[in-house]
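Here is the structure we will look at, set down as structure tokens.
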């Protein structure tokens, strides 16, 4: 079956991957917003879940699956290159190795935790929104965007915090990190619901598509790089 061509899908995938990569790069910065301490990634990474909602709602689970895998490989390559470049010995006279390491180095355990959490969370988010769209017969978009976020961000946050800090921090501290990180991400995306509505309505109107995954194979490994419209 020939894939249908869409005007905005590839552009959105590019923006999605760029946001994902920037989140990985700025994630080590901790900022203070009043009494709240927030990592740099938490300001951008939740946007990737909005993109996941848009991909699934407009183009279908298959298109979202493709975007998730592209983002996964891009993030993996970025992480590996950052670690490799830090490990390379600096040239004599180049005195910025310590600063370079501070910005770009990620402990391999963190890299693995981040990639696994991203993969699990994004697929959980996409699966939930696809199924809820069938249950609601395409109505009440806000229930899908919020419901998928509640599930996807829970999976993402629990997997990452457990894999990244389990055994090195106390169970109560890990639980606290999970709770506050999860609440921040969910509130973030709930507040972004009006923006999600505008983007989804714009794309449905201009792409002429509103996909329902009634016969979709939800296996995340099924032809992950297939073009949208080939499900």
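Observations
- Against the list (1) touching a helix residue (DSSP H, G or I) at 6+ places or on another chain (Cβ under 6 Å); (2) under 16 Å from residue 57 (Cβ atoms); (3) modelled with pLDDT of 90 or more, the condition residue 189 fails is (3).
- Residue in the range 144-163 that is without any contact (Cβ under 8 Å) to a residue 12 or more places away in the chain and either exposed (fewer than 14 other Cβ atoms within 10 Å of the Cβ) or over 15 Å from the mean Cα position of the chain (by Cα) (or both) present: no
- Residue 83 without any contact (Cβ under 8 Å) to a residue 60 or more places away in the chain, under 17 Å from the mean Cα position of the chain (by Cα) and either within 13 Å of residue 114 (Cβ to Cβ) or surrounded by fewer than 22 Cβ atoms within 10 Å (Cβ to Cβ) (or both): no
- The set of residues from the range 133-143 being in contact (Cβ under 8 Å) with a residue 24 or more places away in the chain and either part of a loop (DSSP other than H, G, I, E, B) or crowded, with 17+ Cβ neighbours inside 10 Å (or both) comprises 133, 138, 141.
- Residues that are part of a helix (DSSP H, G or I) and surrounded by 14 or more Cβ atoms within 10 Å (Cβ to Cβ) are absent from the range 208-223.
- Criterion (more than 21 Å from residue 197 (Cα to Cα) and under 25 Å from the mean Cα position of the chain (by Cα)) met by exactly one of 89, 108: 108
Residue-by-condition table, conditions (1) surrounded by fewer than 22 Cβ atoms within 10 Å (Cβ to Cβ); (2) in contact with a helix residue (DSSP H, G or I) (Cβ under 7 Å, 6 or more places away or on another chain); (3) in a helix (DSSP H, G or I):
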residue: 32; (1), (2), (3): yes, no, no
residue: 44; (1), (2), (3): yes, yes, yes
residue: 75; (1), (2), (3): yes, yes, yes
residue: 79; (1), (2), (3): yes, yes, yes
residue: 102; (1), (2), (3): yes, no, yes
residue: 111; (1), (2), (3): yes, yes, yes
residue: 120; (1), (2), (3): yes, yes, yes
residue: 131; (1), (2), (3): yes, no, yes
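The values are calculated or read from the model by the stated rules, or taken from the named source; none is laboratory data. What you see is a predicted model; the values in this text were computed from it and never measured. Cβ coordinates were reconstructed from backbone atoms using ideal geometry, including for glycine residues, and neighbour counts include every protein chain displayed.
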